[in-house]
Structure formats: C-alpha cells, structure tokens
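Worksheet: the structure to be examined is printed underneath.
The values are calculated or read from the model by the stated rules, or taken from the named source; none is laboratory data. Not measured: the values here are computed from a predicted model. Positions of Cβ are backbone-derived with ideal geometry, glycine not excepted, and every protein chain shown enters the neighbour counts.
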Amino acid sequence: MKISKILNHNAALVILDDGQEGVVIGRGIAFGKKVGDPINPVLIEKKFCLSSVQLNARFAELLPTMEWEELHMIERIVEQIRKNLNRRIHDSIYVSLSDHIHYALKNHARGITVPNSLLYEIQQFYPDEFQAGKRALKTIQEETGVCLPLDEAGYIALHIINATSENGFDAGKVKQSTLLIKEILDLVQGYFERPLPAESLAYYRFIHHLRYFAQRILSHAKFQNMKSDINMLKIIEKTCPQSYLCACNVKTFIKGRYDMNIGSEELLYLTIHIERALLNNNE
C-alpha cells in the first residue's frame, strides 16, 4: 500500500495492494511522508474504499480542509446511522456529511444560520432519518461543544435519505420528492377538508408509500396497467367512492405536472391508503 497523494498529516490517497485507489486516515499517518512511500498499517485507523473513482476524488479534495477530530466525528456519526437505521447506506454519505458538517460548523463560527424551509415536512415524512439527524447533532455537540440548530438535523436527514435511496437521488431530488409528497398530502386533505392524523399507523404507511411513489415519479419510472388491477379497481371504486375520486385527482395532478400516467396499479394503492387513513381519522 503506497501513497499516491498526501491529503494532510492525517490522511492520504493510496494505491491498495489490489491496485484500487482508496483513502486512509490515522493520526499522523502521512506526516513526513512523500508520494510513493509505503503506509505503516499500524497507523491506519480507517480505510475508505469508496465505490467509484469520482467519490474517492471528491473525498480526497475535501479531506485536506478537515481536522483529525472532525474526521473521527464523521466516522462516529456514520456508524451511528448504520446501527440505528439498519439499512444499506451508500458510501457517498462520507463525502456528503463531511462536506455539510464541516461548513455547518464554519457557518456557526461566523454567526451564520441557514434556515431549513422543509424542516416540518422532513420531520413528518422522514421521522427515522430526522431522529438520526438529531442524534448526529448530539454527537457534534459532544465532540466540539457546538450546539447546531435543529434545522441542521433536517439537512443531515436529507443527506441520509439520499444515501439510502434506491434511485441514488441527489440532495436536489430529495427536496423535490419532499415537496411532491407535501403537495399530494395537501391535495388529499384539501379534498376532504380535514387533516389526516399524523400520529396514526395508517398515516405512517401512507407517507411511506408516497416516499417511493415520489421517487418513481421523479425517476420517470413506468407504471403498470394490469387487467387484475383494473378489475380490483372497479370494486374499490364502488366500495370507496370518495377515496377513489381523491386518488383520481392525484392522478390528474401528476399527469398535468409530469406528463405521466400512474396506471391502474398505483391508482389502486393510492385509493386504499387514502381510505385507510380516513377510516383511522374517523375512529
């Protein structure tokens, strides 16, 4: 394992034994070293073999601006996220969180606060990721003594959503998805002229469905029109007429905004979720 680029005293870009490029960090690991020197494996505290050359390059560009304590803190936060969410997290999280938290701390030192206009929606639609963001703020306070505002928990949650998205959404797409979910919820609640109960299980399931629905819309996925779904939809239309009409409004909205037909399968699912949320609201 030889150094291909020194990033700072505590980090270096290396060529691994299998020929792949990676990043290694450790206190003083690159101090007094030069390109081509071998790395002492005893000093390696963390090795990053990110999934693409582009990610390695972005991480390598970011690391020289960061102190050792910051790198250690980011690693601790990512491990907490993996443990608490128990799902696959793309290793781009190291790059996005390092970048975001580094500049959030810089902004705080300058007295700059960046309000999160989607904070309420993030808390509603992504409660698990938001709680992970709050735990990250607690870790940051423990490590640095800095108490970042709750807005930052929302921003961190967006990075987590991006890193766990099956479609590899960037932060911009995640924000679009969040706004789309809000618009659909507003449409449903406006149709029935009453709010859906945010604390109910039916509401949670509806939001969970809308998260994947929004991702499919923004990824321009194709929706199914199965004969069996069409037959079931006819039954649902009779048993849940208002929920069906509301779902049709959502269908019309998506067609007008994105020029996409959501198909009979999705219309069926939307109707069922809307009906369940309403029934829960009436209990």
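From the set of residues in segment 62-84 that are of a type in the set (D, E, K, R) and in contact with a strand residue (DSSP E or B) (Cβ under 9 Å, 6 or more places away or on another chain), which is farthest from Thr144 (Cα to Cα)? Filtering segment 62-84 for residues that are of a type in the set (D, E, K, R) and in contact with a strand residue (DSSP E or B) (Cβ under 9 Å, 6 or more places away or on another chain), the one farthest from Thr144 (Cα to Cα) comes out as Glu75. Within segment 231-253, restricting attention to residues that are of a type in the set (Val, Ile, Thr) and surrounded by 17 or more Cβ atoms within 10 Å (Cβ to Cβ), the residue that is modelled with the highest pLDDT is Val250. Here Glu70 fulfils each of the conditions (1) over 17 Å from Glu143 (Cα atoms); (2) touching a His at 6+ places or on another chain (Cβ under 9 Å) apart from (1). Evaluate segment 91-103: report whether one residue or more is closer than 14 Å to Ile156 by Cα, among the acidic types (Asp, Glu) and surrounded by fewer than 17 Cβ atoms within 10 Å (Cβ to Cβ). Within segment 91-103, none of the residues are closer than 14 Å to Ile156 by Cα, among the acidic types (Asp, Glu) and surrounded by fewer than 17 Cβ atoms within 10 Å (Cβ to Cβ). Among the residues of segment 99-123, the ones that are polar (S, T, N, Q) and modelled with pLDDT under 90 come to 2 in all. Residue-level check: of (1) of a type outside the set (Asp, Glu); (2) within 23 Å of the chain's Cα centre (by Cα); (3) under 30 Å from Lys182 (Cα atoms), Lys106 misses just (3).
Scanning segment 209-236 for residues that are in a helix (DSSP H, G or I) and of a type in the set (Ser, Thr, Tyr) returns Tyr212, Ser228.
Restricting attention to segment 254-262, does a residue exist that is among the aliphatic types (A, V, I, L, M), over 26 Å from the mean Cα position of the chain (by Cα) and crowded, with 16+ Cβ neighbours inside 10 Å? There is no residue in segment 254-262 that is among the aliphatic types (A, V, I, L, M), over 26 Å from the mean Cα position of the chain (by Cα) and crowded, with 16+ Cβ neighbours inside 10 Å.
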